[in-house]
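Presented below is the structure to which this report refers.
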Amino acid sequence: LNVPVAFCMGIATVLAFLTMSGELPAFVAVAHQIATGIDSFALLAIPFFILSGQLMGQGGIARRLIDFANTLVGRFRGGLAFVNVVTCMFFGAISGSATAAISSVGGFMIPLMNKMGYHRDFNASVTITAATTGLLIPPSNVMIVYSLATGGAVSIAAIFMAGFLPGFLVGLGLILVSAVLSVRHNYGKGETFPFREGVVRFFKAVPALLLVFIVIGGILLGWFTPTEASAVAVLYAFFLAVVVYREVKIRDLPRILLQCGITTSVVFLLIGTSMAMSWVLASENVPQDISAYLVGLTDSKVLLLLMINAILLAVGTFMDMTPAILIFTPIFLPVAERLGLHPLHFGIVMIMNLCIGLCTPPVGTCLFLGCGIAETTVTRVMRHILPFFGAMLVTLLICTFVPEISLWLPDKLGFVR
């Protein structure tokens, strides 16, 4: 029916509250919960990171990152696929958005790969799956949402650090699949650049790459909070896009700010209605009942973790990441903690599951956007994307059963207690 997800959750929450209380003030109560749900200082980071990502996306950053990645891995067979993955990792980390990575990187790389003889559906598959790595490599908006969903039990800085190694592991898995398929289909090698050209491209990309170090380094060194870091990211992105690269003009700013405002409104409405639905579920003890039911099914930790992964994979296919995290974290986190999982570890596992959902129908935001850019159909892409799903699933299972991958870096930095 094309009804927005936020509206569906809001209506469902009102109807559920009416069923529970039978009183007309349900509308007032739900509206109050929506307002309360977004009344958080930490959430101020989201619009700032969205704005910095849009400034980066329109500031010529993607092209410079592609040039730099090309000097690193472009010389190998299937090198342009490697460049696509590496650039999506770089750009996703800078923008914190999978859709921004697909639009900016895919808009350049997919036509280039088509021109160089790569199969159109293969190109779309690489871009769609690689774009999700930006949700694991910080800064990431969905990690901020997860911190909110835990009630502050997990700090934003800690979950940021937990995502680094899993994000790079997913990227490595996608590169390995790309390498095998490139050899099988005899895709060509990219250019080999002289050392001097590589150095020039590196220095052109350095200002953009510095954003991640400024944001993460500033948080770890105590220079600013994650919310303040997001504001610093906007100032730095503005400086790069307008002053250094000169790709964005002052007259472009109203349009960029409007786009940011629209995106932020959608995200915050999703957060508000999701928090209201979580409140209704909690008032009916739904999380506790589901937790008790799951734990009562089996004593096997392995089976329970596989069940949780399967449920989250299914949820990711029909629900956007933000409401999924806000609704299902209170349900599954208690189960995970009873199994001995650290909340940081569980958060990364949840995000990895939902990232796969972004690439699958019927919702699949990344899937449909990537198909649109590649000018192909979902049916055709699904046949080519399966090996990449395999890499993502294997990485998910490794990270699920080897918690040190998520916890090693936060532990070294003193975030794990």
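The values are calculated or read from the model by the stated rules, or taken from the named source; none is laboratory data. This is a predicted model, so every value here is computed, not measured. Don't worry about glycine lacking a Cβ; one is built from the backbone with ideal geometry, like all the others, and counts go over all protein chains shown.
For the condition assigned to a helix (DSSP H, G or I) and more than 23 Å from Asp320 (Cβ to Cβ), Thr133 does not qualify. Only residues that are surrounded by fewer than 13 Cβ atoms within 10 Å (Cβ to Cβ) and either of a type in the set (Lys, Arg) or part of a helix (DSSP H, G or I) (or both): list them for the range 1-14, please. The answer is Phe7, and nothing else. The residues listed here are Leu326, Leu312; of these, the one that is surrounded by 16 or more Cβ atoms within 10 Å (Cβ to Cβ), within 18 Å of Ala12 (Cα to Cα), of a type in the set (A, V, I, L, M, F, W, C) and touching a residue at least 40 places away in the same chain (Cβ under 8 Å) is Leu326. Sort out which residues of the range 354-410 are among the hydroxyl-bearing types (Ser, Thr, Tyr) and free of Cβ contacts under 8 Å to residues at least 12 places away in the same chain, and write them in order of number. Residues satisfying the conditions are Thr377, Thr379.
For the range 260-309, residues that are of a type in the set (Gly, Ala, Ser), surrounded by fewer than 18 Cβ atoms within 10 Å (Cβ to Cβ) and closer than 18 Å to Thr150 by Cα total 2. The sole residue among Leu312, Leu270 that is assigned to a helix (DSSP H, G or I), farther than 23 Å from Pro403 by Cβ and among the aliphatic types (A, V, I, L, M) is Leu270. For the range 204-219, filtered to residues that are out of contact with any Phe, Trp or Tyr (no Cβ under 7 Å at 6 or more places or on another chain) and small (Gly, Ala, Ser), the residue that is farthest from Ile144 (Cα to Cα) is Ala208. Of Leu258, Leu344, Leu305, all but one fail to be assigned to a helix (DSSP H, G or I) and within 27 Å of Ala31 (Cβ to Cβ); the exception is Leu258. Residues of the range 142-172 that are surrounded by 24 or more Cβ atoms within 10 Å (Cβ to Cβ) and among the polar types (S, T, N, Q): Ser147 alone. Restricting to the range 273-302, name every residue that is part of a helix (DSSP H, G or I), in contact (Cβ under 8 Å) with a residue 40 or more places away in the chain and more than 18 Å from Phe346 (Cα to Cα). Those that are part of a helix (DSSP H, G or I), in contact (Cβ under 8 Å) with a residue 40 or more places away in the chain and more than 18 Å from Phe346 (Cα to Cα): Thr273, Ser274, Met275, Ala276, Met277, Ser278, Trp279, Val280, Leu281, Ala282, Ser283, Val286.
Residue by residue, here is whether (1) surrounded by fewer than 18 Cβ atoms within 10 Å (Cβ to Cβ); (2) under 16 Å from the mean Cα position of the chain (by Cα); (3) modelled with pLDDT of 85 or more; (4) over 20 Å from Val177 (Cβ atoms) holds:
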residue	(1), (2), (3), (4)
Ser21	yes, no, no, yes
Gln33	no, no, no, yes
Val73	no, no, no, no
Gly78	no, no, no, no
Cys88	no, yes, yes, no
Gly107	yes, no, yes, yes
His119	yes, no, yes, no
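A count restricted to the range 375-415 and to residues that are farther than 17 Å from Val170 by Cβ and surrounded by fewer than 18 Cβ atoms within 10 Å (Cβ to Cβ) stands at 10.
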